[in-house]
Structure formats: C-alpha cells, structure tokens
Amino acid sequence: MDLKVVGKPVARKDAIEKVTGQTKFGADIDLPGQLYGAVCRSTYPHATIKNVNTEMALKLPGVRAVITGKDYTKLYGQFIEDQPVIAFDKVRYQGEPVALVAAEDLLTAQEAARLIEIEYEPLPVVNSIDEALTNETLLHEDWSKYNIPGACHPVQNTNIGDTFTLRKGDIEQGFKESDLVVENKFSCSMLQHTTIETHTATAYVNQITGEITVYTPAQSPFTIRPVLAKAFNVPLEKIRIICTAIGGGFGSKYEVRAEPLAIALALFTNGRPVKLQFSREEEFMASVARAPAQIHLKTGVKKDGTLVAQQVKIYWDTGAYVTTGPRVNYNAGFAACGPYKIPHAWVDGYCLVTNKSLGTAYRGFGVPEVACAHEFQMDCIAKELGLDPLELRLKNVLEEGDISVTGEVMQSIAVKECLEEAAKNIGWYDKPLNWTTQDGKLAGKGIACFCKLTGTPSTTSTVLKLNENGSLTIQYSGREMGQGVTTVIPQMAAEALGISLDKIHMAPVDTAYSPYDKTTTSSRSTFHGGNAVLMAAEQIKEQLLDLAAKYFQVSPSQMEYVDGVIRCKGEPTKAIHIEDIEASGILKEQPPVIGNGTYSTLNLYYKPDPLTRQSKRPTVMWMFGAQAAITEVDPATGCIKLKTIGAAHDVGYAINPVGCLQQIEGPIIMGLGHALLEEMIYENGILRNGNMVDYKVPTFQDSDVEMKITLVEKQHPEGPFGAKGIGEPGICPVAAAIVNSVNAACEANLNSIPIKPEHVLFRKED
Amino acid sequence: MKTLTIQVTVNGEAFCKTVGVNMTLLEFLREELHLTGTKLGCNEGECGACTVLVDGKPVNSCLMLAVEADGAEIFTVEGLAKDGTLHPLQEAFIEAGAVQCGFCTPGMLMSAKALLDKYPKPTAQQIRKELEGNICRCTGYDRIVKAIILASEMNKEG
Ligand code: FES
Ligand code: FES
C-alpha cells in the first residue's frame with residue numbers, strides 16, 4: 001500500500017495552541033459566579049473522627065458552604081465502593097478530606113478550612129506491606145459490606161483488598177526438573193506522578209433538575225461518569241463531564257480526585273460553580289501514587305540457561321482504598337514472568353491496604369515494577385551460570401508460535417528483534433559487562449525486556465462529520481495528554497479519506513455529545529480509536545459514492561474512492577476530489593455525510609480462567625520492547641550517571657514516527673527518576689517529602705543521557721495500518737535496564753529502587 | 001486587607017490596578033488580567049511553569065508579589081507571537097517536537113527567551129544549566145534543548 005500521511009513524521013496538531021499559551025487546562029476554566037473550594041484534610045493517617053466543629057469556619061465572611069462527611073455519606077469506587085467522598089467515621093490516610101469549604105475567594109476558603117476543628121482518636125497505623133500482612137490492625141473491618149461493581153477480590157478479615165492468581169503446569173515438578181533454583185526479591189518505592197498540572201475540577205449543580213456538570217482534565221471521562229453518577233445518586237445522563245486539556249496524566253487523572261469534592265460542594269451552593277485546585281502539597285499527600293511493590297521470585301533453570309519454572313509473589317501497597325489496585329494487580333500478574341517460554345509458572349498477586357495515599361494507575365500499570373524483578377532475576381541467573389545476560393534472554397524469549405505462560409500461541413511477536421536492536425544501540429557486543437573508564441569510573445551495561453497487555457475487551461466509537469467544504473470534524477473521546485492522540489487519529493482519517501491533515505479537526509470532548517470511549521489508558525487509543533476511525537471513514541466513502549453516483553447518474557457500483565477522488569470507473573471526466581466537494585454541488589440539500597465507527601475487541605478475546613488465567617487470547621494487543629543501559633558510578637562519591645539508553649520497541653507500525661520517539665524518550669527520563677531518584681518517604685503514615693524540593697524528579701541536568709531508539713515494526717494483524725500502542729511501553733524496561741547496568745558496574749546485587757549513591761558506597765565498604 | 005495601586009506594562013500594554021499586597025504576580029496575571037497562559041504548577045518556586053520575564057529577567061511569578069512588580073515591564077507567553085507570526089522559539093519548539101502535554105511549555109519558552117537574550121548561541125550544556133529550574137515530565141528534555149539550539153540558529157539567519 002502506498003501510504004501518504006501515516007508513517008510520516010508530522011508536527012502535532014495541538015502545538016500552536018500550546019506554544020501560544022491558549023490551551024485551556026483545568027485551572028484555566030473560570031465560570032461566572034464561581035466560588036473557590038478548599039479541603040480540610042486529616043492530619044492523622046489513621047483515626048476515628050470524634051467530632052467536627054465547623055462553627056468558626058461558617059462565621060468567616062465570604063464563606064458560602066461548609067460540609068462534612070455527615071452531610072454526604074455515600075461510598076464510591078470503580079472496582080470496589082470502599083471510599084467516602086468525605087471521611088465520616090474514620091480517616092485512613094494523612095490528607096484524607098474531612099470537611100470542605102466554598103467561599104468567595106481562595107484565601108477565605110483556605111482560612112475557613114484551617115478554622116475547622118476536628119477531634120480525632122488515633123488508631124494504630126499500618127505503614128507497610130509487612131505491617132498490613134499481620135492483619136493486627138484492619139483498615140476495612142468488613143469488606144463484605146461494600147458493593148463490588150468491578151473485578152475485585154478482597155479477603156475477609158484481612159488487609160488484602162484484591163488477589164490474583166496465574167497457574168501453568170506443575171510448579172514443584174518444574175523446580176525438581178531444574179539444575180538450579182534461584183530465589184530473589186525486588187522492591188520498588190512509592191512514586192508520585194508529579195504531573196506539572198495538579199488535579200483540578202470546577203463543578204455546578206442544577207438545584208431543580210439535579211444535573212451535575214464538571215470541568216476536569218480527566219483521562220477517562222466515560223470511566224468516571226458512572227462512578228460519579230453512583231456517588232451522587234443521579235442517573236448517568238445527569239452527569240456531564242466537560243474535558244479540559246490535560247497537563248500531564250501518566251495514569252494520575254484516571255481516578256476521580258478533585259471531581260467528587262467540587263461536586264459535593266456544588267450541591268450546597270445554590271447553583272454557583274465551585275472551583276477546586278489541588279496544591280502541590282495536596283497532590284503529593286492526597287491525590288494518587290504508584291504503589292510500592294515487593295516482588296518475590298523463585299526460578300528453576302537448566303544448566304544451559306533454559307527456564308523451567310518460575311514462581312512470582314507480588315505484594316502491592318495500594319494505600320488506604322483499593323481504587324484501581326485490582327487492575328494493576330491483573331496487568332502486572334500477566335506480565336510477571338516476562339516475555340519468556342516457561343513451562344511451569346505460578347503467580348500470586350495481592351493488594352494490601354495501608355494508611356497511605358492511594359496506589360493506583362501509573363504509566364505501565366505495574367509492568368515496570370515486575371519487569372525490574374524478572375529482569376533482575378535473569379541477570380542473577382546469568383551470573384550463576386556464567387552466561388551473557390543477553391544470550392540468556394535470547395535463549396528464552398517467546399517467538400512466533402511459542403506458548404506464553406497464559407497458554408496463548410504467540411503471533412506477530414518481535415521481542416527478540418527488540419532485544420537485539422536495543423543491544424546494538426549501546427554497542428553491547430563490543431563491550432564487557434563492566435569496565436573502568438579512563439577517569440576512574442565504574443561502568444556497566446545492562447539490558448531488560450518486558451511484555452504488557454492492553455485491557456481487553458473494551459469498546460470505542462467515533463463520529464466523523466464531513467463539513468460542507470470537504471473538511472472533516474472528528475468526534476472521539478480518547479484524551480490528549482501529550483501522547484499525541486489528537487494527531488495520529490486525524491492522520492489515519494486523512495490517509496483513509498484523502499483529506500489533507502490541516503483540514504481535519506478534533507472536536508472537544510464532552511460527555512454530553514462525544515461518543516463513548518472506555519478510557520485513555522493501557523496504550524489503547526491508536527489501536528482502538530484508529531480502528532473506529534477507519535470504520536467511520538468507510539461509511540463516509542459509501543455515502544459520498546452514493547451521492548456522486550446520483551450526480552453522475554450512474555449506479556453506485558460503478559463508482560470508486562481512490563486517494564480522495566470520488567470517480568466513475570473508467571470515466572476520468574466523472575471525478576470529484578474530496579477537497580472540491582463544495583464547488584461540485586453534490587452535497588447540496590442532500591443528507592449530511594456522517595460516518596460512525598464503533599469498535600469492540602469482545603470477539604478477539606477469550607476470557608481467561610479466573611484461577612489459572614489460561615486463555616487462547618487474553619488481550620487483543622501485547623506490547624513488547626527492550627532497553628539496554630550504560631551507567632557509570634563514581635567510586636569516590638557514589639554518584640550514579642546514566643550515560644546511554646539503547647531502546648527498541650515494537651510499535652506494529654509507526655503512524656507518526658516522531659510521536660513514537662517522543663513516547664519513548666520521555667519515559668526513558670521518567671524511568672531514570674524511578675531507578676535513581678524518586679521515592680515517597682512515609683514514617684508511620686506521615687509523608688516526609690511531599691514537595692518538589694525533597695521529592696526529586698529528573699531535571700535538565702539529570703537528563704543528559706544519550707538515547708538511541710529503534711522503532712521495530714512487526715505489523716499487528718488487527719491494528720490500524722498494523723499499529724500498536726506506545727504510551728506505556730517506553731517506561732516498562734527503563735528502570736530494569738538501569739538497575740542491571742548499575743549492578744554490573746558495581747558487581748553488586750542491589751535489589752530495590754531507587755538506587756542512591758549511599759547504596760553503592762555501602763557496597764564498596766562491604 | 002491592605003491594597004496598593006500598581007502600574008505595569010504587560011506584553012506592551014499598560015495596566016493600572018489596585019491589588020492586595022499579598023497577591024502574587026502569577027495570580028495577578030491569571031486572575032486580574034486573565035492571561036492564563038502562565039501556569040501554576042507548584043506555587044513554591046520549584047517547577048518553572050510560572051516563569052515570566054520581568055524587566056527582561058526570568059522570574060518565578062509564583063514567588064514574586066504583584067506589588068513588587070510595580071513599574072516593571074512584564075513579558076508573558078501571550079506576548080511572544082507578533083502580528084500573527086510565531087516567535088522563532090515557538091516555531092522551533094513545534095519543529096523539534098519539544099511540546100507534548102504543553103503545560104510546562106509557556107514557562108520553558110520564557111526561560112528559553114531569557115537564555116537566548118543572554119547567550120544568543122548557547123551550548124547544550126548552557127541550556128541544561130540555565131533551564132534547570134523548569135521541570136518537564138513529558139519530553140525527557142532532549143527535544144527542548146534541540147529546539148532552543150534550532151531557534152538560536154533561526155535568530156542568526158534572521
Ligand atoms: S508555579 Fe512557580 S515555580 Fe512552580
Ligand atoms: S510537555 Fe508536559 S510537562 Fe513538559
């Protein structure tokens with residue numbers, strides 16, 4: 001196929017608005033008569049609320065509403081309804097909302113929130129996975145009281161909010177058949193997404209009809225709509241979500257956070273809108289986080305390096321409420337053994353609740369964490385067997401026709417190519433595992449690969465509206481959050497219809513009129529949105545061919561649509577280019593040309609067995625990739641410097657190659673932060689570093705890393721133009737590759753991230 | 001609340017406004033002048049999203065009081081494009097693919113403008129050093145460095 005628009009690097013369609021400061025993000029919304037909200041948050045991580053005194057706050061001039069948990073006792077949650085909008089009987093994490101204020105200006109609202117007096121009776125604090133596992137203190141005494149609308153499996157009388165299992169073969173037999181059994185553990189710190197835009201919502205409520213409108217930078221308006229409808233006890237159609245631009249998502253804007261608080265206040269303000277914006281401190285303490293993880297692995301292997309059996313136990317510290325923990329547990333569970341052929345595999349995953357902020361969706365949905373663990377394990381095995389780490393991986397990776405740990409026959413799989421390309425990109429084959437540089441630094445190389453599924457089944461839809469002049473408006477609810485979806489979707493429409501890219505526009509996203517899309521997560525938009533757009537484009541073509549046939553007075557079967565030309569076969573004079581459609585007059589007083597695309601992956605999916613997870617096809621799209629790292633460690637200071645990343649990701653087909661590269665470069669630096677810098681530090685339920693000075697994300701200076709990236713294109717049979725997702729893959733192997741390179745450099749076995757200078761120095765003195 | 005009347009020029013336009021003495025320059029720009037291109041990311045001087053130029057110098061507008069800007073000439077992202085033409089930095093950011101979510105972009109552009117005013121032909125190292133206070137979570141920074149170098153070359157040609 002001769003492709004003209006897809007496959008070419010194009011500048012983002014949203015760039016001009018962004019560089020001129022015109023893009024409207026959450027906080028740029030100001031509505032007439034708007035009040036400002038502030039939240040009185042718990043100072044205790046775990047306590048019974050004895051009394052809330054709002055008298056002083058109510059007396060402050062300018063205060064219009066003060067509400068407490070008693071005013072609103074409904075629970076909400078996407079998977080399990082365990083979370084109150086405002087805490088009413090007890091608080092379960094530091095920063096949990098206890099009362100809300102709306103006032104004429106922000107300072108008054110904040111002052112009023114400070115004047116609210118709360119009497120607490122402290123309860124014992126569960127600060128870690130280990131403490132949660134003792135079940136001495138239960139955060140949720142009775143799981144059975146909660147409504148469970150999603151796939152969530154709590155264990156009664158424990159702090160376990162969800163469990164996951166995967167079973168293949170006979171694990172004990174597998175260990176018996178092995179020449180070597182290696183056991184290790186790996187842990188990952190708690191992370192905050194640190195999007196530069198914090199959570200924000202502006203809401204108003206029609207006091208007569210009960211209709212609720214909320215402006216929000218939500219990633220997944222159609223996922224949060226039913227959650228909000230239930231939380232506020234209104235029918236679905238009475239919730240309207242008007243989406244603002246998103247100033248960074250990475251999963252953090254998947255969960256409702258500011259929305260329920262703004263809405264709860266707006267119920268009590270006589271129709272006046274309430275705007276609520278999280279401060280950076282609130283963002284750290286009480287928005288969302290990536291759950292800390294502890295992963296145990298036991299792997300049986302033959303002397304030649306052939307993997308025989310692998311048992312993985314994963315513990316997630318999902319914080320005070322379960323939120324999206326079950327989905328992280330599920331996605332990571334499927335990926336926990338890596339993209340390898342392993343005849344006997346056994347995975348158990350547990351979400352533990354603790355008195356901390358909420359561990360939920362974060363780019364990769366648990367895969368970067370399990371990749372750190374299985375790739376650390378691979379390096380330990382290579383070391384024990386005296387094999388090259390790359391060689392060990394190449395020996396075991398899944399290839400065409402191999403059977404995965406979930407029993408699927410793998411197809412169009414390019415993980416081997418990715419490993420080879422990533423290795424080449426750092427010159428793997430010419431380097432030893434470690435060496436000393438001329439200036440006395442300890443250098444090492446490391447490599448890592450991963451597999452990740454996209455959530456299946458899921459559905460999406462688009463509406464393509466041809467305007468009178470042949471330009472096109474696309475309604476599609478996949479949210480732009482920097483990943484470039486509002487460029488690749490028009491590219492695909494442009495290709496299908498032969499309309500030039502600058503004549504195609506994306507409509508704003510508003511649940512009042514935008515078509516349904518399940519969610520903007522799971523790297524799914526290019527694949528799912530693209531398929532829907534191609535279906536809708538076919539309808540547009542058909543309608544145009546009919547109209548043109550009428551005009552030329554021929555039968556529709558004589559017409560064809562080629563590169564934007566609607567023409568009569570074999571009669572070159574009977575042709576109209578889509579861009580001349582207005583002048584042609586064929587649209588005049590005819591039914592408007594509108595195409596619908598509705599796409600579902602239900603028929604491309606076999607529901608995995610709930611215990612073993614065996615399935616012919618558990619996901620419509622597996623994503624694979626590999627990255628290799630070179631790191632230098634200064635033996636005097638412990639300073640760790642990532643020098644080079646060589647990456648190779650199978651994108652199926654690169655619709656916008658620049659966009660694909662951006663989606664790998666950004667995560668490489670983000671992953672550098674995960675591997676070497678970032679951790680939320682909690683002591684007895686109190687966050688010790690909830691600001692951007694003490695919680696360090698990579699800066700310009702930290703990020704001077706050479707990046708060599710290869711886009712591997714193994715076309716996906718069901719992908720639009722063969723394309724797959726690339727929103728999350730970039731992050732999945734980064735930290736793992738860095739850890740392996742640091743361990744190679746220092747001849748160490750450091751098994752937790754972040755790795756700090758003190759960890760490598762401590763090793764030296766050992 | 002104590003108030004003061006200040007006179008400032010913003011993107012070439014003069015304003016005379018009475019403001020609270022505790023109002024930050026960022027709040028003044030966003031709430032009084034409705035110039036929402038300048039972003040609030042942290043309110044603690046740590047992210048650079050709120051960077052504007054005050055008398056030519058890059059300033060975290062979340063850390064400066066509006067009254068301290070009395071008499072100053074202020075320049076924000078809204079003032080970069082002129083007469084329907086993008087500033088070379090804006091063009092270079094688009095061309096180099098230095099924009100993703102775009103939330104850090106206004107602050108980045110203003111810091112980059114100050115940098116180019118100071119060093120018309122900066123090295124990658126200089127850019128990384130001078131812009132260290134501007135955080136971007138999306139791009140990994142590399143394309144921003146390249147965009148600024150690209151803009152510096154456009155400048156030379158123009
Ligand atoms: S908002 Fe001013 S530096 Fe972050
Ligand atoms: S482009 Fe998103 S923070 Fe920089």
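Starting from residues that are surrounded by fewer than 24 Cβ atoms within 10 Å (Cβ to Cβ) and among the basic types (Lys, Arg), keep the ones in the stretch A:714-766 and report whichever is farthest from A:CYS337 (Cα to Cα). The selected residue is A:LYS764. Within the stretch A:261-284, restricting attention to residues that are within 14 Å of chain B (Cβ to nearest Cβ) and touching a strand residue (DSSP E or B) at 6+ places or on another chain (Cβ under 6 Å), the residue that is most open to solvent (accessible area, probe 1.4 Å) is A:GLN277.
Return the pair list, or none, for Cβ contacts closer than 6 Å from residues in the stretch A:171-195 that are not assigned by TED's automatic domain parsing to the domain that holds A:ASN749 and assigned to a strand (DSSP E or B) to residues that are of a type in the set (D, E, K, R) and within 16 Å of ligand 2 (Cβ to nearest atom), at least 6 apart or on different chains. Close Cβ pairs satisfying both conditions: A:LEU191/A:GLU678.
Counting only residues that are open to solvent by less than 80 Å² (accessible area, probe 1.4 Å), hydroxyl-bearing (Ser, Thr, Tyr) and closer than 25 Å to A:GLY478 by Cα, the stretch A:559-608 holds 4 of them. Residues of the stretch A:687-706 that are within 7 Å of chain B (Cβ to nearest Cβ) and either surrounded by fewer than 19 Cβ atoms within 10 Å (Cβ to Cβ) or in a loop (DSSP other than H, G, I, E, B) (or both): A:ASN691, A:MET692, A:VAL693, A:VAL697, A:THR699, A:PHE700, A:GLN701, A:ASP704.
Being in contact with a helix residue (DSSP H, G or I) (Cβ under 7 Å, 6 or more places away or on another chain) and more than 17 Å from A:LEU261 (Cα to Cα) narrows it down to one of A:ALA65, A:ALA57, so name that one.
A:ALA57
Annotation: of all residues in the stretch A:25-66 being crowded, with 17+ Cβ neighbours inside 10 Å and among the β-branched types (Val, Ile, Thr), the one that is nearest to the other protein chains (Cβ to nearest Cβ) is A:ILE29. Scanning the stretch A:47-81 for residues that are in a loop (DSSP other than H, G, I, E, B) and over 29 Å from the mean Cα position of the chain (by Cα) yields A:THR54, A:LEU60, A:PRO61, A:GLY62, A:TYR72, A:THR73. In the stretch A:617-634, the residues that are farther than 19 Å from A:GLY727 by Cβ reach residues that are in a strand (DSSP E or B) and among the polar types (S, T, N, Q) with C-beta atoms within less than 9 angstrom, at least six apart or across chains, in these pairs: A:ALA628/A:THR644; A:ALA629/A:THR644; A:ILE630/A:THR644; A:THR631/A:THR644.
Tell me which residues, restricted to the stretch A:485-497, are touching a Gly at 6+ places or on another chain (Cβ under 7 Å) and either without any contact (Cβ under 8 Å) to a residue 40 or more places away in the chain or open to solvent by 10 Å² or more (accessible area, probe 1.4 Å) (or both).
Keep residues of the stretch A:485-497 that are touching a Gly at 6+ places or on another chain (Cβ under 7 Å), which gives A:485, A:487-489, A:492, A:497.
Passing the criteria: only A:VAL488.
Within the stretch B:103-131, if we keep just the residues that are of a type in the set (Gly, Ala, Ser) and within 13 Å of the chain's Cα centre (by Cα), the residue that is nearest to ligand 2 (Cβ to nearest atom) turns out to be B:GLY107.
Taken over the stretch B:107-142, the criterion of being away from ligand 1 (no atom under 16 Å from the Cβ), in contact (Cβ under 8 Å) with a residue 40 or more places away in the chain and surrounded by 23 or more Cβ atoms within 10 Å (Cβ to Cβ) is satisfied by B:LYS113, B:THR139. Of all the criteria given as (1) within 11 Å of ligand 1 (Cβ to nearest atom); (2) hydrophobic (A, V, I, L, M, F, W, C); (3) within 12 Å of chain A (Cβ to nearest Cβ), the one not satisfied by B:MET1 is (1).
Select from the stretch A:242-260 the residues that are of a type in the set (A, V, I, L, M) and either part of a strand (DSSP E or B) or within 11 Å of chain B (Cβ to nearest Cβ) (or both) and list them in ascending order.
A:ILE242, A:ALA245, A:ILE246 - these are the residues of the stretch A:242-260 that are of a type in the set (A, V, I, L, M) and either part of a strand (DSSP E or B) or within 11 Å of chain B (Cβ to nearest Cβ) (or both).
Within the stretch A:176-204, the residues that satisfy the criterion of being farther than 21 Å from A:MET285 by Cα, small (Gly, Ala, Ser) and open to solvent by 10 Å² or more (accessible area, probe 1.4 Å) are A:SER178, A:SER187.
Scanning the stretch A:1-15 for residues that are touching a helix residue (DSSP H, G or I) at 6+ places or on another chain (Cβ under 7 Å) and within 14 Å of another protein chain (Cβ to nearest Cβ), we see that the one that is surrounded by the fewest Cβ atoms within 10 Å (Cβ to Cβ) is A:PRO9.
Whether any residue in the stretch A:653-660 is within 18 Å of the chain's Cα centre (by Cα), touching a residue at least 24 places away in the same chain (Cβ under 8 Å) and surrounded by 18 or more Cβ atoms within 10 Å (Cβ to Cβ) is what I want to check. Explain how you work it out, then say what you get.
Applying the first criterion (within 18 Å of the chain's Cα centre (by Cα)) to the stretch A:653-660 yields A:659-660.
Imposing the further condition that a residue be touching a residue at least 24 places away in the same chain (Cβ under 8 Å) reduces the set to A:659-660.
Narrowing further to those that are surrounded by 18 or more Cβ atoms within 10 Å (Cβ to Cβ): A:659-660.
Checked against the condition, which is being within 18 Å of the chain's Cα centre (by Cα), touching a residue at least 24 places away in the same chain (Cβ under 8 Å) and surrounded by 18 or more Cβ atoms within 10 Å (Cβ to Cβ), the stretch A:653-660 yields at least one hit.
Meeting the requirement of 3 or more residues that are under 40 Å from the mean Cα position of the chain (by Cα), the helices (runs of 4 or more DSSP H) wholly within the stretch A:483-596 are A:485-497, A:530-552. When A:PRO124 is tested against (1) touching a residue at least 40 places away in the same chain (Cβ under 8 Å); (2) open to solvent by less than 60 Å² (accessible area, probe 1.4 Å), just one condition goes unmet, and that condition is (2).
The number of residues in the stretch A:285-322 that are outside any strand (DSSP E or B) and surrounded by fewer than 24 Cβ atoms within 10 Å (Cβ to Cβ) comes to 6.
Somewhere in the stretch B:135-142, is a residue in contact with an Asp or Glu (Cβ under 8 Å, 6 or more places away or on another chain), on the phi > 0 side of the Ramachandran plot and within 8 Å of chain A (Cβ to nearest Cβ)? Yes, the stretch B:135-142 contains a residue that is in contact with an Asp or Glu (Cβ under 8 Å, 6 or more places away or on another chain), on the phi > 0 side of the Ramachandran plot and within 8 Å of chain A (Cβ to nearest Cβ). For A:LYS356, the conditions (1) closer than 15 Å to A:ARG327 by Cα; (2) open to solvent by 10 Å² or more (accessible area, probe 1.4 Å) all hold with the exception of (1). Here B:THR18, B:THR3, B:THR38, B:THR9 are screened, and the one residue that is in contact with a strand residue (DSSP E or B) (Cβ under 7 Å, 6 or more places away or on another chain), within 16 Å of ligand 2 (Cβ to nearest atom), on the phi < 0 side of the Ramachandran plot and not basic (Lys, Arg) is B:THR38. Answer yes or no: is there a residue in the stretch B:71-87 that is touching a residue at least 12 places away in the same chain (Cβ under 8 Å), touching a Ser or Thr at 6+ places or on another chain (Cβ under 6 Å) and open to solvent by 10 Å² or more (accessible area, probe 1.4 Å). Taking every residue of the stretch B:71-87 in turn, at least one turns out to be touching a residue at least 12 places away in the same chain (Cβ under 8 Å), touching a Ser or Thr at 6+ places or on another chain (Cβ under 6 Å) and open to solvent by 10 Å² or more (accessible area, probe 1.4 Å). As a summary of the residue check, B:LYS146 satisfies the conditions (1) of a type outside the set (A, V, I, L, M); (2) within 17 Å of B:GLU91 (Cβ to Cβ); (3) under 16 Å from the mean Cα position of the chain (by Cα) except for the one numbered (3).
So in the stretch B:41-53, with the set limited to residues that are away from ligand 2 (no atom under 15 Å from the Cβ) and surrounded by fewer than 24 Cβ atoms within 10 Å (Cβ to Cβ), which one is farthest from A:THR195 (Cα to Cα)?
Filtering the stretch B:41-53 for residues that are away from ligand 2 (no atom under 15 Å from the Cβ) and surrounded by fewer than 24 Cβ atoms within 10 Å (Cβ to Cβ), the one farthest from A:THR195 (Cα to Cα) comes out as B:LEU53.
The values are calculated or read from the model by the stated rules, or taken from the named source; none is laboratory data. The structure presented is a predicted model; accordingly, all values stated were derived computationally and were not measured. Heads up, the Cβs are rebuilt from the backbone with ideal geometry, glycines too, and the neighbour counts pull from every protein chain shown. Accessible surface is based on the protein model in full, side chains and every heavy atom, while ligands, DNA and RNA are left aside. Shrake-Rupley method; radii C 1.70, N 1.55, O 1.52, S 1.80 Å.
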